[in-house]
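Report on the following structure.
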Amino acid sequence: MHTLKLIAAGFALLGALHFLARRLKLGGGDPTGLAVKLFLPLWLVAALVNLWVGVNRAGYSLLQEMPFFSLVFGLPAAFAILLFLKFR
């Protein structure tokens, strides 16, 4: 359940950044590109923090956490990249 919440949070962050970029007219003519460029490093840091918490606080090994890291980071990141490629 925690993994699903984090994936949903990733999509929510991407949506919020895209909304703000469009609303504030940032990124010139490409608010989607700006939103994706901001999202990817922010989401990578958030996913790495989640990985660190899982290993250091929850007591899981790195090998146990890596598949969840891949899902938590990978699904929203892949969607963001597809969004970028579609609307560039």
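Between LEU26 and TYR60, full extension at 0.36 nm per residue minus the direct alpha carbon distance yields a gain of 8.2 nm.
When the charge dipole of the chain is built from unit charges on Cβ atoms (+1 for Lys and Arg, -1 for Asp and Glu) and taken about the Cα centre, the candidate among MET1, GLY29, TRP52 whose Cα reaches farthest toward its positive end is GLY29. Charge tally around VAL36: other residues with Cβ under 15 Å, Lys/Arg +1 each, Asp/Glu -1 each, net +3.
Loop-located trypsin sites (Lys or Arg not before Pro) across region 13-53 with a Cβ neighbour count of 10 or fewer within 10 Å are LYS25, with loop assigned by DSSP. Along each principal axis, taking the top coordinate minus the bottom one, the Cα set of the chain gives 46, 21, 20 Å in descending order.
Rounding to the nearest 10 and keeping the result within 0 to 90°, find how far the Cα-based axis of helix 31-56 lies from the longest principal axis of the chain. It is inclined by approximately 10 degrees. Relative to the longest principal axis of the C-alpha atoms of the chain, give the angle of the C-alpha long axis of helix 2-23, reported between 0 and 90° and rounded to the nearest 10°. Taking Cα atoms only, the helix is inclined about 20 degrees. A viscosity of 1.306 mPa s and a temperature of 10 °C, combined with the Kirkwood radius over C-alpha pairs in the Stokes-Einstein formula, give region 3-44 a diffusion coefficient of 154 µm²/s.
Qualifying chymotrypsin sites (Phe, Trp or Tyr not before Pro) in region 42-71, where qualification requires a DSSP coil assignment and no more than 15 other C-beta atoms within 10 Å, comprise TYR60. When +1 charges are put on Lys and Arg Cβ atoms and -1 charges on Asp and Glu Cβ atoms, the dipole computed for the chain relative to its Cα centre reaches about 340 debye.
When the helices of the chain are scored as -39500 (n - 2.57) per DSSP H run of n ≥ 4 and the total is divided over every residue, the value at 222 nm lands at -30000 deg cm²/dmol.
Taken together, the values in this text are just the output of simple stated rules run on the coordinates, not laboratory data. Please read all numbers here as calculations on a predicted model, not as lab measurements. Positions of Cβ are generated from backbone atoms using ideal geometry, with glycine treated the same way; all protein chains shown enter the neighbour counts.
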